[in-house]
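No value in this document is a laboratory result; all are computed from the given coordinates. Nothing here was measured: the structure is a model prediction, and the numbers come from that model. Here the Cβ is made from the backbone with ideal geometry for all residues, glycine too, and neighbour counts use every protein chain on show.
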Amino acid sequence: MPLTYLDQNALIELGRKARNTDFRKKLDSAIESGSFAAVVSSWHLIETAHTANLANATELANFIDSLNPSWLLERRDIQMLDVEEDFYTFLKIASPSKPRVTTRSSAFAALNKQKDSPKFDIPSRNFVQQWIEHPKQLKVLEEVYERNEANLLRLRELTKQGKLTDEIRRRVDELLVTGSLPKSTPAGLEIGRETKMEYVHQVDVRVIPSLAIETAISNHEWISQGGADRNTLIDKFHLISALSHVDEILSDDKFFHRLYPVAEKTGYVKAKLLGNDEFVKHF
């Protein structure tokens, strides 16, 4: 069963087409047969909530749930799992791989740094409505956008000036990995700082899938004059998270198609990138 991750615009377009009764029947048949298995993430709901039109947002949230989708973990949660697995390999500790594509409940539990429980098993429209009615809950994300834009512009300037040295890049990698390390072994034994630092000082982000992809995209952007705005940042979050964990990514976004070959060079890209029209004609 191929897993298909839709970007926000592709999801909206599919929802519009599904208003047609005949198309909706074909879509439901594909879902039931398993020929179409949708994957979404928390970012779809965050983007859905980025509006004052509660009716439209609720319609889209209900449509998402009607696809009976699987849910991809958020980018940082995926990165932490990738680092954790590489760290355990370094320690020669056997540990089963944890799924990156899971249920909505598990995805939102991970996002809140909690164990999965029934309190996270609620309809998507509830998340969306809460964020629309209480926009301050998403304020922290707006601060992330602002920091990302400022950092990207600063790094582009450093690159242009030839000041972004290998030493600075290495330090950035070490800080990212350090912030992603587990506190204990799978058996619950605390891991000492000396052991962690020994790992960090030898780590190579090029062998950690999500970090390898993000690094490749970042390096490309530091010499690019592309956008550094909110939409571009979220597009990156979608792409970095999904490329290694689904079979298809559905998007007409030029940004996606420009960065895809950059990420593909890492060797960790599993997904094919399809355009909307190419995908819809299968129904």
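Summary table below
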| read-out | value |
| --- | --- |
| The chain - mean residue ellipticity at 222 nm from DSSP helices (-39,500 (n - 2.57) per run, n ≥ 4, rounded to 500) | -18000 deg cm²/dmol |
| Hz values of 3J(HN,Hα) by residue in the stretch 204-217 - Karplus curve (6.51, -1.76, 1.60), Gly and Pro given as x | 10, 5, 6, 9, 10, x, 5, 6, 4, 5, 5, 5, 4, 5 |
| Residue exposure sequence - 171, 104 - by fewest surrounding Cβ within 10 Å | 171, 104 |
| Links that overshoot a 30 Å alpha carbon limit, given the list 98/196; 26/254; 196/254; 163/272 | 196/254; 163/272 |
| Karplus 3J(HN,Hα) series, Hz, for the stretch 96-106 with 6.51 cos²θ - 1.76 cosθ + 1.60 (x for Gly, Pro) | x, 5, 8, x, 9, 10, 8, 8, 4, 4, 5 |
| Amide H contacts under 5 Å for residue 41, placed H, 5+ residues apart | 72 |
| Cross-link partners of residue 136 among lysines (Cα-Cα below 27 Å; sequence separation of 8 or more within a chain) | 113, 115, 119, 236 |
| Inter-centroid distance (Cα atoms) of the stretch 58-127 relative to the stretch 228-281, Å | 19 |
| Rg/Rh (Cα only; Kirkwood hydrodynamic radius) as it applies to the stretch 1-43 | 0.98 |
| D (Stokes-Einstein, µm²/s), Kirkwood Cα radius, the stretch 3-280, 1.002 mPa s at 20 °C | 106 |
| Under 5 Å, built H, 5+ apart or other chain: amide partners of residue 249 | 5, 272, 273, 274 |
